[in-house]
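Everything on this sheet refers to the single structure shown next.
The values are calculated or read from the model by the stated rules, or taken from the named source; none is laboratory data. All of these numbers come straight from a predicted model, not from anything done at the bench. Reconstructed Cβ throughout: ideal geometry from the backbone, glycine too, with neighbour counts over all protein chains shown.
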Amino acid sequence: MTGLGQTLATLARRRLDPVQAGGRGPARMLACDFAPNPGALKMLIHVPAGLAPGAPLVVVLHGCTQRGEAYADGAGWLTLADRFGFVVLSPEQTAANNPNRCFNWFQTGDTTRDAGEAASIAAMTRKAIADHAIDPDRVFVTGLSAGGAMTAVLLATYPELFAGGAVVAGLPHGAAASMSEAFGAMMKPRARDSAAWGEKVRAASDHAGPWPRISIWHGTADATVRPASADALIQQWTDVHGLTGAPHKARTPQGRVFEVWMSPSGEPLVENHRIPGLAHGTPLKTQGPDGVGTAGPFLLDVGISSSLEIAMGWGIAESEANSRPASVTDSDVAPAHGSAGKHRRSPQPAPDGTAPQRPNAVTSVIENALRAAGLMR
């Protein structure tokens, strides 16, 4: 088991340049000026050639020791942007702010609305939306590790900006308020009930809904940020969405268990992707029709194209593979119950105006969630 001291020492040694961290040579992202910038971050952006008006935007947050373009490229986001026509924005941390280039997800001054790094990322997101005629209802955010924790911060502090987010090996908003608390939270988040975790999000802004949807990605072998952080994120966001009860579950052909908490109308709002044997990093599939990204430190080729699956779940990408549908297990638990706010992409009624009918409600709900998450074609 990796000790905290060993982990920090490793991070301190790995001052990665773009090529080492998964870059592919010449720069593919442009640096831009923006304001306000109270968190003193850098703004990098990639705009595919021939981008159509009303395209989506994905904000991609790197982990400790990484650079913005290196992570966006290594995780496959730049390739997906060129293939499917969306903009990628990569906020980049500086060594002046944090010696290991971690986003300061644990400092109140950087995780409060209209302050610090969170405000800087919101400002550059708004600039990207305005400069490139982005569809404001298709703005998403994702990140790894410290970037994953900052993703949770942004979903809480600026929920009106984002339709959804994906937290990879990250932590819930409000897990720590100091460096020492951050180290403890990485090992084991403070015990709170769901309502207390949810209140951390509700107190972060005056937003009353709708709330962004979220997918949570974590490896069972992560010794840097323990899987208990994913459990806390589930508690936090099921409470925010007003979802109670057990999730729907299904098993993919690869043996992964997928969990989803649904709105009463059958929309996936909280997803849990727990990857057996995955250590600390972003899961990649670099080969085959759906392969994107480049393996490297904290970019782990385990045959799971997480960036593509996340983008498919958001409805901004499609699978290149011709595969048979995943089978749904017969051990699905009962649907989640509870209220959830109206979401931007509610299911459409049938042509006659009636609600869509499902011959087998549980199976159909799970299959729809699997398709939305990119796990079923």
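Restricting attention to the stretch 82-125, which residues are among the hydroxyl-bearing types (Ser, Thr, Tyr), assigned to a helix (DSSP H, G or I) and under 21 Å from Cys64 (Cβ atoms)? Listed by number, the residues that qualify are Thr108, Ser120. Only residues that are hydroxyl-bearing (Ser, Thr, Tyr) and in contact with a Phe, Trp or Tyr (Cβ under 9 Å, 6 or more places away or on another chain) were counted in the stretch 271-298, giving 1. Residues in the stretch 224-235 that are outside any loop (DSSP other than H, G, I, E, B) and not aliphatic (A, V, I, L, M) were compared, and the one that is surrounded by the most Cβ atoms within 10 Å (Cβ to Cβ) is Ser229. Among the conditions (1) modelled with pLDDT under 95; (2) of a type outside the set (Asp, Glu); (3) more than 20 Å from Gly165 (Cα to Cα), the only one that Phe258 does not satisfy is (3). Taking (1) surrounded by fewer than 18 Cβ atoms within 10 Å (Cβ to Cβ); (2) modelled with pLDDT of 95 or more; (3) touching a Ser or Thr at 6+ places or on another chain (Cβ under 8 Å) in turn, Leu61 satisfies each apart from (1). Identify, please: which residue in the stretch 300-314 is in contact (Cβ under 8 Å) with a residue 60 or more places away in the chain and assigned to a loop (DSSP other than H, G, I, E, B) and is, among those, surrounded by the fewest Cβ atoms within 10 Å (Cβ to Cβ)? So the residue we want is Trp314. Looking at Glu199, Glu259, which one is of a type in the set (Asp, Glu), touching a strand residue (DSSP E or B) at 6+ places or on another chain (Cβ under 7 Å) and more than 17 Å from His280 (Cα to Cα)? Checking each option against the conditions leaves just Glu259.
In the set (1) touching a Lys or Arg at 6+ places or on another chain (Cβ under 6 Å); (2) farther than 26 Å from Gln287 by Cα, the condition left unmet by Leu44 is number (1).
Considering only residues that are within 19 Å of the chain's Cα centre (by Cα) and small (Gly, Ala, Ser), look in the stretch 225-254 and name the one that is farthest from Arg190 (Cα to Cα). Ranking the qualifying residues of the stretch 225-254, first place goes to Ala230.
Selection of first residues in the stretch 236-250 that are charged (D, E, K, R) and surrounded by fewer than 22 Cβ atoms within 10 Å (Cβ to Cβ) and of second residues that are at pLDDT below 95 and not in a strand (DSSP E or B), restricted to Cβ pairs under 6 Å at least 6 apart or on distinct chains, gives the following pairs, ordered by first then second residue: Lys249/Asp332; Lys249/Val333. Selection of the stretch 106-146 for residues being on the phi < 0 side of the Ramachandran plot, among the acidic types (Asp, Glu) and surrounded by fewer than 24 Cβ atoms within 10 Å (Cβ to Cβ) yields Asp110, Asp131, Asp135, Asp137. Is the stretch 211-219 home to any residue that is polar (S, T, N, Q) and part of a loop (DSSP other than H, G, I, E, B)? The answer is no, given that none of the residues of the stretch 211-219 is polar (S, T, N, Q) and part of a loop (DSSP other than H, G, I, E, B). Here the stretch 81-105 is the region considered, the condition is being more than 19 Å from Gly54 (Cα to Cα) and touching a helix residue (DSSP H, G or I) at 6+ places or on another chain (Cβ under 7 Å), and the residue that is surrounded by the most Cβ atoms within 10 Å (Cβ to Cβ) is Phe103. Do you know which residues across the stretch 135-180 are within 10 Å of the chain's Cα centre (by Cα), of a type in the set (S, T, N, Q) and closer than 16 Å to Asp114 by Cα? Matches in the stretch 135-180: Thr151 only. Within the stretch 130-171, the set of residues being within 20 Å of Gln93 (Cβ to Cβ) and part of a loop (DSSP other than H, G, I, E, B) comprises Ser145, Tyr158, Leu161, Phe162, Ala169, Gly170, Leu171. Within the stretch 259-299, track down each residue that is in contact (Cβ under 8 Å) with a residue 60 or more places away in the chain, assigned to a strand (DSSP E or B) and over 27 Å from Gln236 (Cα atoms). Listed by number, the residues that qualify are Val292, Gly296.
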